[in-house]
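The values are calculated or read from the model by the stated rules, or taken from the named source; none is laboratory data. What you are looking at is a predicted structure, and each value in this text was computed from that prediction instead of being measured. In this analysis, Cβ positions are derived from the backbone assuming ideal geometry, glycine residues included, and neighbour counts consider all displayed protein chains.
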Amino acid sequence: MAGGLGQGTGKSARTYAGLGVPLILPAWLIIGIFLVVPILIMLVYSFLTKEFRGGVIWEPTLAAYDQFFFDRGLFGDEPPKIEWTYILIFWRSIWQAGLATVLCLLIGFPTAWFIATRPPNSRTIWLFLITVPYWVNLLIRTISMKFLIRDNGPLNQWLLDAGLISEPIHVINTATAVQLGLFYSYLPFMVLPIYAAVERYNFALSEAAADLYASRWVTLTQVIIPSVKPGIIAGCILVFVPSLGAFLAPDLLGGAKNFMIGSLIEEQFKGAAGNWPFGAAAAMILLTMVLIVLIFYARSQARGAR
């Protein structure tokens with residue numbers, strides 16, 4: 001049996017020998033055309049001059065990056081001061097994305113554990129229930145949430161009818177509303193990677209820990225979490241990165257006081273009043289932050305594999 005399996009594997013390997021480049025070429029073409037080329041265009045635009053009626057003038061300059069970090073007054077002739085407006089928007093985005101990641105982890109981990117420990121014939125149903133709301137477009141789901149949590153929406157009306165509150169709770173156009181939108185939008189991105197990791201977990205390790213009189217907390221922190229750590233890290237990245245650049249939830253649920261970096265970038269490319277070089281520069285700064293996070297993750301994984 002083992003010999004037959006080995007022969008089949010070897011035959012398959014010989015069949016595709018020398019075809020590595022042709023097989024992977026379509027993937028590289030797609031990545032190059034739809035990912036690398038747009039990023040390079042954005043990078044070039046970030047070093048160009050803003051045209052008064054929108055668009056760019058092909059004159060190289062660092063004005064977009066200077067505008068992001070420094071305030072030189074209305075006419076640009078004052079001594080430079082740190083421009084805290086955009087830095088605070090970035091900080092707000094990092095804070096909101098980080099909090100959304102923590103909330104998704106707190107809810108997503110026990111959810112993934114529950115699904116993975118169900119009988120095999122019922123796991124598909126639970127996974128279906130997790131993913132079915134996301135068959136609907138994100139814009140429609142965000143508008144639906146806005147309708148649900150508004151002052152005179154169904155949620156407040158139900159709480160008033162139940163006598164739990166005496167006046168509507170103001171949630172819309174607050175940071176809480178943005179957080180709810182991010183949490184709802186990206187929760188499955190946390191559940192599914194952790195579920196995949198828990199499904200591969202060897203539950204005999206938990207039984208061994210119990211036989212050695214380990215408490216549930218010790219078993220969770222010292223046995224389970226280290227074993228499913230790759231799924232947790234993957235889920236955190238999948239939630240944090242899109243939350244950092246989200247603009248639908250801030251725009252529709254947060255209002256002007258909860259502007260995030262995704263909204264800032266989007267605004268720069270809308271209409272004739274947009275500033276394309278500045279939007280491109282903000283996008284490149286955001287991309288740099290994301291790459292730094294991914295590099296730290298890759299290095300930690302490489303150290304763990306040694």
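Of the residues ILE172, ILE165, ILE130, ILE143, the single one that is touching a residue at least 24 places away in the same chain (Cβ under 8 Å), in a loop (DSSP other than H, G, I, E, B) and either of a type outside the set (D, E, K, R) or more than 18 Å from GLY255 (Cα to Cα) (or both) is ILE172. Residues of the stretch 53-70 that are outside any loop (DSSP other than H, G, I, E, B) and of a type in the set (S, T, N, Q): GLN67 alone. Restricting the stretch 25-52 to residues that are aromatic (Phe, Trp, Tyr) and in a helix (DSSP H, G or I), the residue that is farthest from ALA283 (Cα to Cα) is TRP28. Scanning the stretch 158-177 for residues that are over 32 Å from the mean Cα position of the chain (by Cα) and among the polar types (S, T, N, Q) yields a total of 1. The residues in the stretch 111-127 that are surrounded by 12 or more Cβ atoms within 10 Å (Cβ to Cβ) and either in a helix (DSSP H, G or I) or of a type outside the set (D, E, K, R) (or both) can be counted, and the count is 10. Just wondering, is there one or more residues in the stretch 62-73 that are among the aromatic types (Phe, Trp, Tyr) and within 18 Å of PHE240 (Cα to Cα)? Within the stretch 62-73, none of the residues are among the aromatic types (Phe, Trp, Tyr) and within 18 Å of PHE240 (Cα to Cα).
Only a single criterion out of (1) surrounded by 15 or more Cβ atoms within 10 Å (Cβ to Cβ); (2) within 27 Å of LYS50 (Cα to Cα) is not satisfied by MET190, namely (2).
Within the stretch 76-84, not a single residue is touching a helix residue (DSSP H, G or I) at 6+ places or on another chain (Cβ under 6 Å), modelled with pLDDT under 95 and of a type in the set (A, V, I, L, M). Can you find, within the stretch 235-268, the residue that is surrounded by the most Cβ atoms within 10 Å (Cβ to Cβ) among those that are at pLDDT 85 or above and more than 27 Å from MET190 (Cα to Cα)? Here the answer is GLN268. Take the residues in the stretch 128-152 that are aliphatic (A, V, I, L, M) and within 17 Å of the chain's Cα centre (by Cα); name whichever of them is surrounded by the most Cβ atoms within 10 Å (Cβ to Cβ). Within the stretch 128-152, the match that is surrounded by the most Cβ atoms within 10 Å (Cβ to Cβ) is LEU138. Of ALA214, ALA196, all but one fail to be farther than 30 Å from ASP251 by Cβ, over 30 Å from the mean Cα position of the chain (by Cα) and aliphatic (A, V, I, L, M); the exception is ALA214. If you check LEU159, LEU205, LEU180 for being assigned to a helix (DSSP H, G or I), of a type in the set (A, V, I, L, M, F, W, C) and modelled with pLDDT under 90, only one passes: LEU159.
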